[in-house]
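In what follows, a structure is listed as structure tokens, so that the remarks can point back to it.
The values are calculated or read from the model by the stated rules, or taken from the named source; none is laboratory data. Remember, predicted model here, so these are calculated numbers, not experimental data. Methodologically, a virtual Cβ is constructed for each residue, glycine included, from the backbone with ideal geometry; neighbour enumeration extends over all protein chains shown.
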Number of protein chains: 2
Amino acid sequence: MKYCFGVDIGGTTVKLGIFEEEGKDIDKWEIPTDTENEGVRILPDIAESIKAKMEEHNMTKEDIIGVGVGVPAPVTAEGVVNGTANLGWKYKEVTKEMEELTGLPVVVGNDANVAALGEMWQGGGKGQKNMVMITLGTGVGSGFIVNGKLIVGEHGAGGEGGHVTVDYDETDCCGCGKKGCLEQYASATGIVRLAKKTLAKNNKATVLNADTVTAKDVWDAVKAGDEVAIEVAELFGSYLGKGLAIMATISDPAIFVIGGGVSKAGDVLLSYVEKNFKERAFFANKNVEFALASLGNDAGIIGAAKLALDNQ
Amino acid sequence: MKYCFGVDIGGTTVKLGIFEEEGKDIDKWEIPTDTENEGVRILPDIAESIKAKMEEHNMTKEDIIGVGVGVPAPVTAEGVVNGTANLGWKYKEVTKEMEELTGLPVVVGNDANVAALGEMWQGGGKGQKNMVMITLGTGVGSGFIVNGKLIVGEHGAGGEGGHVTVDYDETDCCGCGKKGCLEQYASATGIVRLAKKTLAKNNKATVLNADTVTAKDVWDAVKAGDEVAIEVAELFGSYLGKGLAIMATISDPAIFVIGGGVSKAGDVLLSYVEKNFKERAFFANKNVEFALASLGNDAGIIGAAKLALDNQ
């Protein structure tokens, strides 16, 4: 039996796991992310943690297929990062450093892409080869898998579906500096923005309160039949439908897997997305399934382990 | 020395070529496309032509790496076509049939995708691994290459960049049935449409005539400094810039290669596209080169040969 490590580096904690080749997890744990001094300790801390776990489980280097790592930044195919928002890293050769620190084969990917790989291997997209995963959280992340392989791109910035333009009349700026990005409508903050706009021009009775409304409030109200909330859900669905239609013309997936905090709304959310997608999709792309992500916070370590497996 | 065949099936003629492994062409020829009776003779005619050429050049099956074929329709990874606009085919297992007819290894792809592969191997994108080719002809075709491999997609309909939406206020329909597709603005017919609209609301002196204007007229007038033509070129550039910015968020290319009849306008066209792309692109995708396609009508057979080579 051989094993691989999956590592998911976040701004606060690093999640780690040991997996068998078929995906069964042997161990899962976390260590803090030390972002001091441009994050100089992050990789050595991970390497030490891996070595300690190998000893604990009586594993030698020969038992380990490799280490997969997800990083919250664009990562080139060679495992190079050119700056991160949350880790303090500037230019960093992550694959090279981790291989030197661990003496094990290492492969590194963007965290949203790696999570998509995890959902394809063990989660909502199990059994598929052509998949797009959309993560609706504070922002909108995405990962594109084509014929079983991630779209990484020349600068490691492939699969940024949150920044396709879905409204050319938008006057507000996205965090990225552009206007009209999908992220401005389909993220948790985007839904709050749509809700506030809808409430401002609406006189209908509603349980939603413009001062305190959250994405969860909106979906709870949709489930209760609140008319104003349903208007917001329709808007959300139309923007996300536009975005997914565009993504499908490029990558022609078999399935969209929707994850992230917002997706906890469940099947009701899928229904708004699917209907709006089908109304807008290119004819050759309409035969697409929709599913909810099922791995939650473990998608990152599971996908990272799969990255290591595929790298053999 | 081993060889491969490149075949590019069009609605009127089938182009064929024999290539060495490094890309040198040994022979190039054409046969008519017989679309009678649901195109039943197309593949047998190609197979007979290949066999005759092998005899002519004293080649045995052992000398041939394989046959690559480009088809003007979506083609699945398994080489299956589900209907074509120009060949008469309905459901057809192209790879399987061609392998039975020739006794050689066969691989089949969509013609626009295959042409992109040709331009990456021997043309405007030589030496690159991450490329998007846009073909501006009667319509707008595209081919996406990620890490050296084509994006084929689940239904063989990946890389349909001509149908990303770049105007949500459009009232006219695209040939595909959607509204606001890139093809409605950046194709030869799209440029004529933009020119007519610009002429209708313009009183400036111009050499352009609304009744007879062609895409070539527009670009010739741009080169001559015609103010109205320059307005049209700016409009064209803004739409194509929007479309390429969206494509880059998904596939993060190193280079865009622009081909097709419209691209004969040359560097002046590239300047309008590049400027508009850079104004609209996601920050991580801005470092992209632009080049003109250089293989002309041979891109299809060259790319098909490369498809066969990569399939070994």
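Could you say which residue among B:S238, B:S263 is touching a strand residue (DSSP E or B) at 6+ places or on another chain (Cβ under 8 Å), hydroxyl-bearing (S, T, Y), under 30 Å from B:N202 (Cα atoms) and surrounded by fewer than 24 Cβ atoms within 10 Å (Cβ to Cβ)?
Answer to the selection: B:S263.
Here is a yes/no grid of residues against (1) touching a residue at least 40 places away in the same chain (Cβ under 8 Å); (2) surrounded by fewer than 24 Cβ atoms within 10 Å (Cβ to Cβ); (3) under 21 Å from B:V69 (Cβ atoms):
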site	(1), (2), (3)
B:P105	yes, yes, yes
B:G123	yes, no, yes
B:V132	yes, no, no
B:G156	yes, no, yes
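Any chance you could count how many residues in segment B:266-312 are basic (K, R), more than 14 Å from every other protein chain (Cβ to nearest Cβ) and free of Cβ contacts under 8 Å to residues at least 40 places away in the same chain?
Looking only at that region, the number is 1.
Any idea which of B:I246, B:I250, B:I230 is on the phi < 0 side of the Ramachandran plot, more than 14 Å from chain A (Cβ to nearest Cβ) and at pLDDT 95 or above?
B:I230
What helices (runs of 4 or more DSSP H), lying completely within segment A:72-190, carry at least 1 residues that are among the hydrophobic types (A, V, I, L, M, F, W, C) and within 14 Å of another protein chain (Cβ to nearest Cβ)?
A:111-122
Could you list all residues from segment A:75-103 that are over 21 Å from B:N147 (Cβ atoms) and among the acidic types (D, E)?
A:E97, A:E100
In segment A:291-312, how many residues are among the small types (G, A, S), assigned to a helix (DSSP H, G or I) and surrounded by fewer than 22 Cβ atoms within 10 Å (Cβ to Cβ)?
1
Out of all the residues in segment B:26-67, which are surrounded by 15 or more Cβ atoms within 10 Å (Cβ to Cβ), under 23 Å from B:K90 (Cβ atoms), touching a residue at least 12 places away in the same chain (Cβ under 8 Å) and not hydrophobic (A, V, I, L, M, F, W, C)?
If the condition is that a residue be surrounded by 15 or more Cβ atoms within 10 Å (Cβ to Cβ), under 23 Å from B:K90 (Cβ atoms), touching a residue at least 12 places away in the same chain (Cβ under 8 Å) and not hydrophobic (A, V, I, L, M, F, W, C), then B:T33, B:T35, B:G39, B:D45 are the ones that fit.
Residue check, B:I246 against (1) in a loop (DSSP other than H, G, I, E, B); (2) aliphatic (A, V, I, L, M); (3) closer than 30 Å to A:G177 by Cα, all met but one. Which one?
(1)
What are the residues in segment B:265-290 that are among the hydrophobic types (A, V, I, L, M, F, W, C), part of a helix (DSSP H, G or I) and under 23 Å from B:G137 (Cα atoms), if any?
B:A265, B:V268, B:L269, B:L270, B:V273, B:F277
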